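K.L.:
My questions will all concern the structure given below.
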2 protein chains.
Amino acid sequence: MASQSPNKVSLPVIKRLPKYYRYISDMHKNGIVKISSSELAHMMGTTASQVRQDLNCFGGFGQQGIGYHVDVLLSEISKLLFSERTLDAVLIGTGRLGRAISGYLSSEARGYHLMAAFDKSPAEIGREILPGVIVRDVAELSDFCKEHQPDVAVLCIPRSGAQAVAPTLVEAGVKGYWNFSHYDLSVEYDDITVENVHLGDSLMSLGYLMRNDH
Amino acid sequence: MASQSPNKVSLPVIKRLPKYYRYISDMHKNGIVKISSSELAHMMGTTASQVRQDLNCFGGFGQQGIGYHVDVLLSEISKLLFSERTLDAVLIGTGRLGRAISGYLSSEARGYHLMAAFDKSPAEIGREILPGVIVRDVAELSDFCKEHQPDVAVLCIPRSGAQAVAPTLVEAGVKGYWNFSHYDLSVEYDDITVENVHLGDSLMSLGYLMRNDH
């Protein structure tokens, strides 16, 4: 388990771990029992030495000349990624994107529990966004966070809204941010963990590539 | 304009272009008239020489010792990213995520036009997902694409669905993919442009970082 590993794993390796998880889950579903580092590398578009290095960071799991047992890999990587501790999340912003993300969190995201959702619009407040999750007034956010200590805030609001709500969340001790706004929290706040999702950026890049025949 | 530039711009630069666009749009909104490469670099968390190199790929726009005029930068980068040509898009999958993305495409994404939406569920077919956009049966997808020649397909379906629908889209000549499924189209098909959005990956990375006190 990660808590027993002596060294911190580098960020690029951590960022690749979900991809390993997806590929190895698929292999497991398809009944593949063993895989070599070069086969895994080929599927993932990387090199065998990269694969070996990456998996070594987490304690290895493989044997030279034999490769990796898919079930062992899957269970070790699952332990790393999900562990026993569920992360409590609050959603800020229950517009179109917020609703979609709440559904994603409750149905597809392993290891997270959506505790509450907040919005400032009177039309949203009081609505049931998920079974048992009623949208609250964002004015209650500070008290709620102090009382329930969520681990993660999911920001599905515009940049200005995110900027306004960030001090409340940070002061209340929320450490993790899944950030769909374009407000860059990590510039202003230390000691928090932020994953930015810039939906628009990928769409702009795609547009550029399409129009310029790349 | 990009079509006049003699050399192809490298992919990492293209990927950074939307970020320049976001920061420079903000400066423009905030009334900032001029900016040096080092100020811009500081805001964006990069180096001045990186900024100069990146902007040089697109023809420069700056003057030594004077810096960049924000309005010129914004208009040149906007031309690069959006140009005059609107990209016609079709949405495949009108579940929670698809609905959110359709709203995003119609309200926030510049340079795209959602022509049509498709789903296989009888409960979805015939529903109006956006004003004037009725969800069609995915069985009509091939004929529709051959007739209307969309530029981009937005895949908001699970991996298996994406794998099933990809040959139809590629054969019909659709060249661009905004891919929320975990099916890696670019492995199987050449001569297409794919932007993958792996929502789950960022959530898994966040979880790992949170649980391991990074």
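K.L.:
So, restricting to strands (runs of 3 or more DSSP E) that lie completely within the range A:123-214, which ones have at least 2 residues that are over 18 Å from the mean Cα position of the chain (by Cα) and away from chain B (no Cβ under 13 Å)?
P.N.:
By residue number, A:133-137.
K.L.:
Evaluate the range B:195-206: report whether one residue or more is touching a residue at least 12 places away in the same chain (Cβ under 8 Å), of a type outside the set (D, E, K, R) and in contact with a strand residue (DSSP E or B) (Cβ under 8 Å, 6 or more places away or on another chain).
P.N.:
Within the range B:195-206, one or more residues are touching a residue at least 12 places away in the same chain (Cβ under 8 Å), of a type outside the set (D, E, K, R) and in contact with a strand residue (DSSP E or B) (Cβ under 8 Å, 6 or more places away or on another chain).
K.L.:
Being surrounded by fewer than 15 Cβ atoms within 10 Å (Cβ to Cβ), out of contact with any Pro (no Cβ under 8 Å at 6 or more places or on another chain), at pLDDT 85 or above and aliphatic (A, V, I, L, M) is the requirement here; does B:ILE32 meet it?
P.N.:
Criteria met by B:ILE32.
K.L.:
Next up: Does the range A:133-154 include one or more residues that are closer than 18 Å to B:TYR104 by Cα and of a type in the set (Asp, Glu)?
P.N.:
no
K.L.:
Please identify the pairs in which a residue from the range B:117-144 that is over 19 Å from B:ALA164 (Cβ atoms) and touching a residue at least 40 places away in the same chain (Cβ under 8 Å) has its Cβ atom under 8 Å from the Cβ atom of a residue that is of a type outside the set (Phe, Trp, Tyr) and assigned to a strand (DSSP E or B), counting only partners at least 6 apart or on another chain.
P.N.:
none
K.L.:
If A:ASP88 satisfies all but one of (1) within 11 Å of another protein chain (Cβ to nearest Cβ); (2) in contact with a strand residue (DSSP E or B) (Cβ under 6 Å, 6 or more places away or on another chain); (3) surrounded by 22 or more Cβ atoms within 10 Å (Cβ to Cβ), what's the number of the condition it fails?
P.N.:
The one condition A:ASP88 does not meet is (3).
K.L.:
Quickly run through the range B:63-87 and pick out the residues that are more than 13 Å from B:SER25 (Cα to Cα) and over 20 Å from the mean Cα position of the chain (by Cα).
P.N.:
Within the range B:63-87, B:GLN63, B:GLN64, B:GLY65, B:ILE66, B:GLY67, B:TYR68 meet the criteria.
K.L.:
Give the number of residues within the range A:185-203 that are of a type in the set (Asp, Glu) and surrounded by 19 or more Cβ atoms within 10 Å (Cβ to Cβ).
P.N.:
Counting residues in the range A:185-203 that are of a type in the set (Asp, Glu) and surrounded by 19 or more Cβ atoms within 10 Å (Cβ to Cβ) gives 2.
K.L.:
When only residues in the range B:163-184 that are closer than 22 Å to B:ASP143 by Cβ and free of Cβ contacts under 8 Å to residues at least 24 places away in the same chain count, which is surrounded by the most Cβ atoms within 10 Å (Cβ to Cβ)?
P.N.:
Applying the filter and picking the extreme gives B:ALA166.
K.L.:
Those residues that are over 20 Å from A:MET210 (Cβ atoms), among the polar types (S, T, N, Q) and surrounded by 13 or more Cβ atoms within 10 Å (Cβ to Cβ), I need them from the range B:103-137; list them, please.
P.N.:
B:SER121
K.L.:
Test B:LEU185 against the criterion of being in contact with a strand residue (DSSP E or B) (Cβ under 8 Å, 6 or more places away or on another chain) and more than 16 Å from A:ALA100 (Cβ to Cβ), and give yes or no.
P.N.:
In short, yes.
The values are calculated or read from the model by the stated rules, or taken from the named source; none is laboratory data. Since the structure is predicted, the reported quantities are computational estimates derived from the model, not experimental observations. Backbone-built Cβ (ideal geometry, glycine too); neighbour counts: all protein chains shown.
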